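Inspection log for the structure reproduced underneath, given as structure tokens.
No value in this document is a laboratory result; all are computed from the given coordinates. This structure is a prediction, so every number in the text was calculated from the model and none was measured. Cβ placement follows ideal geometry from the backbone for every residue including glycine, while neighbour counts extend to all protein chains displayed.
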Amino acid sequence: MKKVTVAKLLKSYSIRPNKKLGQNFLSDQNILNKLIDALDLYPDEDVLEIGSGLGVLSYHIAKHGQRILAVEKDKRLIKIAEEEFTDQPNLKFVEADFLRLDLKELLNRYHVPIKVIGNIPYYISSKIIFTLVENAPLFSLAVLTVQKEVAERMVSEPGSKDYGILSILLNSQVRVEKLFDVEPGSFMPAPEVTSSAVRITFPTAPLFEIHNRELFKKMVKTAFNQRRKTVRNTLKIMLKNNRIKPWEACGIDPELRPEQISIPQYVALANFLNPLL
């Protein structure tokens with residue numbers, strides 16, 4: 001296996017990371033290996049990489065035998081990766097903005113559901129994560145590095161300071177676990193904050209029976225946009241008929257605040273409200 005590192009490629013090609021694209025290249029080989037291990041790959045599985053950068057992680061995965069489809073927005077990096085890794089026929093690079101892709105079309109020649117890996121830009125991490133969730137049938141598992149603060153919000157429990165819209169909308173549809181932290185020195189250039197690796201598992205059956213997902217999202221967002229209000233006052237904003245008391249029907253204390261309400265309780269409230277709104 002050819003020895004190639006991020007530092008070597010940056011120097012050889014005189015590349016300056018693009019701050020506007022949030023480019024912090026993961027260069028620590030130990031962390032790269034841990035991310036690959038977290039994918040729990042089998043030889044016949046394919047992998048989609050989001051934000052492949054210089055292609056170093058892509059190359060290491062491809063050497064395991066998997067077909068890997070690596071998506072990268074920066075054409076400078078695509079050119080370098082294609083030049084460096086021509087010896088790996090099961091590795092394909094695509095120049096594209098991941099958020100603008102037709103994912104079903106992109107993956108039509110790969111084994112679906114596919115596994116996903118990515119050191120994703122901080123500034124669009126939530127958009128990327130929700131794009132994956134919205135296309136859940138295409139994926140089985142994702143291992144991503146995100147800003148530590150985002151990771152804490154992704155796995156937070158009711159009653160904690162990090163519990164909110166991201167926690168609820170994610171964990172009502174997928175299973176999320178935080179794996180380990182990644183220090184700034186593991187990247188080139190080093191970011192100003194600590195990162196974390198998270199693993200998202202896409203279930204084959206819905207975790208909750210949500211009758212109207214758009215209403216569910218609206219209710220959760222309405223609640224957390226009024227964080228200081230109780231559930232009673234939050235729901236009054238949404239209801240035209242003040243005589244209806246959803247909290248009573250769902251057995252929920254009306255004095256609870258948004259961060260104290262569990263996902264099953266939010267689901268129960270949304271399902272109760274669905275035929276009324």
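What does the charge add up to near S160, with Lys and Arg as +1, Asp and Glu as -1, over the other residues with Cβ less than 9 Å from its Cβ?
So the environment of S160 carries a net charge of -3.
All other residues with a Cβ under 10 Å from the Cβ of Q173 taken together, and with Lys, Arg as +1 and Asp, Glu as -1, what is their net charge?
Result for the neighbourhood of Q173: +1.
Based on alpha-carbon centroids, what's the gap between region 240-277 and region 153-182 in Å, whole number please?
21
Whole-Hz Karplus ³J(HN,Hα) for region 57-73, in order, using 6.51 cos²θ - 1.76 cosθ + 1.60 and θ = phi - 60°, x for Gly and Pro?
These are the phi-based 3J(HN,Hα) values: 5, 3, 5, 5, 5, 4, 5, 7, x, 6, 7, 10, 10, 10, 9, 9, 7 Hz.
Amide H of I117 versus every other amide H placed in the peptide plane: which residues, excluding those fewer than 5 positions away on the same chain, fall under 5 Å?
Amide H neighbours of I117, under 5 Å, 5+ apart: L48, E49, I50, V143.
For K221, go through the lysines and keep the ones whose alpha-carbon is under 30 Å away, minus same-chain ones fewer than eight residues off.
K20, K104, K115, K127, K148, K161, K178, K229, K236, K240, K245
Please compute the net charge surrounding I244, taking Lys and Arg as +1 and Asp and Glu as -1 over other residues with Cβ under 14 Å from its Cβ.
Once positives and negatives cancel, what remains is +4.
For the chain, what mean projected area does the convex hull of the alpha carbons give, in nm²?
15.5
So what is the calculated 222 nm ellipticity per residue for the chain, using -39500 (n - 2.57) for each DSSP H run with n of 4 or more, over all residues, to the nearest 500 deg cm²/dmol?
-9500 deg cm²/dmol
Through the Karplus equation 6.51 cos²θ - 1.76 cosθ + 1.60, θ set to phi - 60°, convert the phi angles of region 191-200 into ³J(HN,Hα) values in whole Hz; use x for Gly and Pro.
Couplings: x, 8, 10, 7, 10, 9, 8, 10, 10, 10 Hz.
Would you list, by chain and number, the aspartates and glutamates whose Cα falls below 17 Å from the Cα of K3, excluding same-chain residues fewer than 8 positions away?
D28, E82, E83, E84, D87
List, in order, the whole-Hz ³J(HN,Hα) value for each residue of region 102-118 obtained from phi through the Karplus relation with A = 6.51, B = -1.76, C = 1.60 and θ = phi - 60°; use x for Gly and Pro.
Rounded to whole hertz, the list is 8, 5, 4, 5, 4, 9, 5, 10, 10, 6, 10, x, 9, 8, 10, 9, x.
If you take every DSSP beta bridge whose two residues both sit in the chain, what share of them, in percent to the nearest 5, is antiparallel?
Restricted to the chain, the bridges split so that about 45 percent are antiparallel.
Going by a ≥ b ≥ c, the root eigenvalues of the Cα gyration tensor, does region 85-231 fall in the rounded group (a/c under 1.5), the prolate group (a/b larger than b/c) or the oblate group?
oblate
Let me check against my output: what whole-number percent is the relative contact order of region 167-277, with C-alpha pairs under 8 Å and at least 6 apart?
With pairs under 8 Å counted, the relative contact order is 26 percent.
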